[in-house]
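First comes the structure, then the notes that go with it.
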Amino acid sequence: MFFKKKEVDLNKVNAFCEWFVENQENIVNSFMSGDEAAMMKSLDEVELQLSYVYRDGYKKRIEFEYGNPSDGQWELNLYHMNNKFLIRATDEIAKVLNEKLQGKWLV
């Protein structure tokens, strides 16, 4: 029995990336505010937006993190857990975000 390989929906990738670019300032502000409730709300929203991309080929818990390392540049780390679908999805997201954000974030 053969299973069809799940394809990453590039429209969903682009929608997530557009959302992320439009909301990056709010994400940063929630992190910098020191307000735990605001930060958790922001994390939940990022997770929700990622779920639209991931749910086509991955049903488990989404794992990611973002932060501001010592050099001042922001990072978004998307974990693929060695899942083939997530590897492709995270690669596509990184490609689009790196192009759109042009060095403001490391993805």
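The values are calculated or read from the model by the stated rules, or taken from the named source; none is laboratory data. In this text, all values refer to a predicted model and were calculated from it rather than measured experimentally. FYI the Cβ positions are ideal-geometry reconstructions off the backbone, even for glycines, and counts take in every protein chain you see. All accessible areas refer to the heavy atoms of the entire protein, side chains included, with ligands and DNA or RNA removed. Shrake-Rupley method; radii C 1.70, N 1.55, O 1.52, S 1.80 Å.
Are any of the pairs Lys12/Lys59; Lys60/Lys100; Lys12/Lys84; Lys6/Lys104 more than 22 Å apart by Cα-Cα distance, and if so, which?
From the list (Lys12/Lys59; Lys60/Lys100; Lys12/Lys84; Lys6/Lys104), the Cα-Cα distance tops 22 Å for Lys60/Lys100; Lys6/Lys104.
Could you work out Rg/(2.2 N^0.38 Å) for the chain, with Rg from alpha carbons only?
Normalised Cα radius of gyration, the chain: 1.10.
Treat each spin label as a single point 7 Å out from the Cα along the C-beta direction, and report the Ala37 to Lys95 distance in nm.
4.2 nm
Starting from the Kirkwood radius over alpha-carbon pairs of region 24-66, derive D by Stokes-Einstein at 4 °C in a medium of 1.567 mPa s and give it in µm² s⁻¹.
117 µm²/s
Given a Förster distance of 25 angstrom, what is the FRET efficiency for Met81 paired with Lys5, based on the Cβ-Cβ distance and rounded to 0.05?
It comes out at approximately 0.90.
So, in nm, how far is label Tyr52 from label Leu106 when the simple model puts each one 7 Å beyond its Cα toward the Cβ?
My value for the distance between the label points is 2.8 nm.
For Lys6, what accessible surface area do you get with a 1.4 Å probe? Give it in Å², rounded to 10.
110 Å²
For a quick check: with amide H placed at 1.01 Å from N, whose amide H comes under 5 Å from Trp74's, ignoring anything fewer than 5 positions away on the same chain?
Under 5 Å from the amide H of Trp74: Leu106.
Set Lys and Arg Cβ to +1 and Asp and Glu Cβ to -1, take the dipole of region 1-65 about its Cα centre, and tell me which of Ser42, Asn14, Ile27 lies farthest positive.
Asn14
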